[in-house]
1. Whether any residue in the range 218-225 is touching an Asp or Glu at 6+ places or on another chain (Cβ under 6 Å) and near ligand 1 (Cβ under 10 Å from one of its atoms) is what I want to check.
2. For the range 87-126, what are the residues that are part of a loop (DSSP other than H, G, I, E, B), in the same structural domain as residue 144 (by TED's automatic domain parsing) and away from ligand 1 (no atom under 16 Å from the Cβ)?
3. So, residue 263, is that one more than 16 Å from ligand 2 (Cβ to nearest atom), in contact with a Cys (Cβ under 9 Å, 6 or more places away or on another chain) and among the small types (Gly, Ala, Ser) or not?
4. Answer yes if at least one residue in the range 176-198 is modelled with pLDDT of 85 or more, assigned to a strand (DSSP E or B) and within 16 Å of ligand 1 (Cβ to nearest atom), and no otherwise.
5. Out of 170, 95, 91, report the one residue that is more than 16 Å from ligand 2 (Cβ to nearest atom), at pLDDT 85 or above and under 13 Å from the mean Cα position of the chain (by Cα).
6. Residue 129 versus (1) under 13 Å from residue 215 (Cβ atoms); (2) part of a loop (DSSP other than H, G, I, E, B): which is the lone unmet condition?
7. Quickly run through the range 137-149 and pick out the residues that are within 16 Å of ligand 2 (Cβ to nearest atom) and buried (at least 16 other Cβ atoms within 10 Å of the Cβ).
8. Do we find a residue being free of Cβ contacts under 8 Å to residues at least 40 places away in the same chain, in a loop (DSSP other than H, G, I, E, B), out of contact with any His (no Cβ under 6 Å at 6 or more places or on another chain) and of a type outside the set (A, V, I, L, M, F, W, C) anywhere in the range 134-148?
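The values are calculated or read from the model by the stated rules, or taken from the named source; none is laboratory data. The model shown is predicted, which means the values in this text are computed figures rather than measured ones. Heads up, the Cβs are rebuilt from the backbone with ideal geometry, glycines too, and the neighbour counts pull from every protein chain shown.
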Amino acid sequence: MKEGDIELINEIAQFEDSHDMQREYKIGWSWRHVRIWPATLSRLFKEGYLDNVFRSNSYTGYRLSELGRVLASAGPASNRTENEPSEKLEIPEDIFTDIIGHNDIKELLTACLLADKPVHVLLAGPPALAKTLFLWDIERIAGERAIWLVGSATSKAGLWDVVADRRPQIVLIDELDKMNAADTAALLSMMEGGRLVRAKRGRELNLSNQIRIVAASNRLDSLSPELKSRFAVRKLAAYSQSEYLTVVEGVLVRREGLGREIAGEIAHRLDGLSQDVRDAIRVARLTPHLGVDRAVNLLFGEVSGLGVTGRSGI
Ligand SMILES: Nc1ncnc2c1ncn2[C@@H]1O[C@H](COP(=O)(O)OP(=O)(O)OP(=O)(O)O)[C@@H](O)[C@H]1O
Ligand SMILES: [Mg+2]
């Protein structure tokens, strides 16, 4: 038996379990149905894991042998159609401590993570409002029980496969608006605790123990109504002037390691120039080399062909 054979046998078992063998595959299934190379199937047959039900010039029909069945039911991935009851997540008091403000969202997310049945949450709004930070904090406390997906990058393994393999309690999806159609379709079903069926291989997965989704997105208008309907959609508004000052000061002190005074100076200097916390972080990082004023000038001044306007002498 080669490495990976157990996996293949499990896949075949799942394929057989999700079809009516007597009706649909009376003469056995072929390599095309299970998407496993004929040579591999022939080897599994020789090793006794498959029975050869039918053979002609154009069709070789197989079925799992008794030995194959025993192996499938003993294998580690054999219980895949049943989700083990997972222990309840414990939420530490300080889960969101690195996020300044957003108290309602903190309370909502905590309640959703603790609820007996899933309430999915989508954080939507303009850039740099700590949406991704919320996902990070949840991932940090959930560890292995959470998986992290970025909408623009989910196509490689596929949402279905990732969930089938990792069996998470929580799925964190950043950039939900960029998720591809196949993953979005899987997500719609998953959010209702539905059955996930991947027609391609006939594999299916029963989500008896429902997954909860926390997602973030800049845009809402590109999401389908049925997707939005499955989420508690929390719209985050851009920071007000005073919120911006508080957040910037806090971020620069806590995350960028600046002193209170210089952090306050940068926050005030950007007042009216920007509402984006990332701008303040850029200024903070350039300040040791340039000083606050020069950093702000270079980042925000108009650039002409001769240099940055506003500099004395130009
Ligand atoms: N309320 C806040 N508390 C702490 N940090 C904040 C807060 N708001 C913004 N930030 C900081 O702003 C930066 C961007 O945050 P984050 O990546 O979470 O934004 P986002 O809302 O996901 O933005 P985008 O929509 O562009 O992905 C981070 O460095 C983060 O520390
Ligand atoms: Mg983000």
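1. yes
2. Within the range 87-126, 115, 116, 117, 118, 119, 120 qualify.
3. Numbers: more than 16 Å from ligand 2 (Cβ to nearest atom): yes; in contact with a Cys (Cβ under 9 Å, 6 or more places away or on another chain): no; among the small types (Gly, Ala, Ser): yes.
Taking the combined requirement at face value, the residue does not satisfy it.
4. no
5. Numbers: 95 fails: under 13 Å from the mean Cα position of the chain (by Cα); 91 fails: under 13 Å from the mean Cα position of the chain (by Cα).
Unique residue meeting the criteria: 170.
6. (1)
7. Initially, the range 137-149 is screened for residues within 16 Å of ligand 2 (Cβ to nearest atom), giving 137-140, 148-149.
The answer is 137, 138, 139, 148, 149.
8. There is no residue in the range 134-148 that is free of Cβ contacts under 8 Å to residues at least 40 places away in the same chain, in a loop (DSSP other than H, G, I, E, B), out of contact with any His (no Cβ under 6 Å at 6 or more places or on another chain) and of a type outside the set (A, V, I, L, M, F, W, C).
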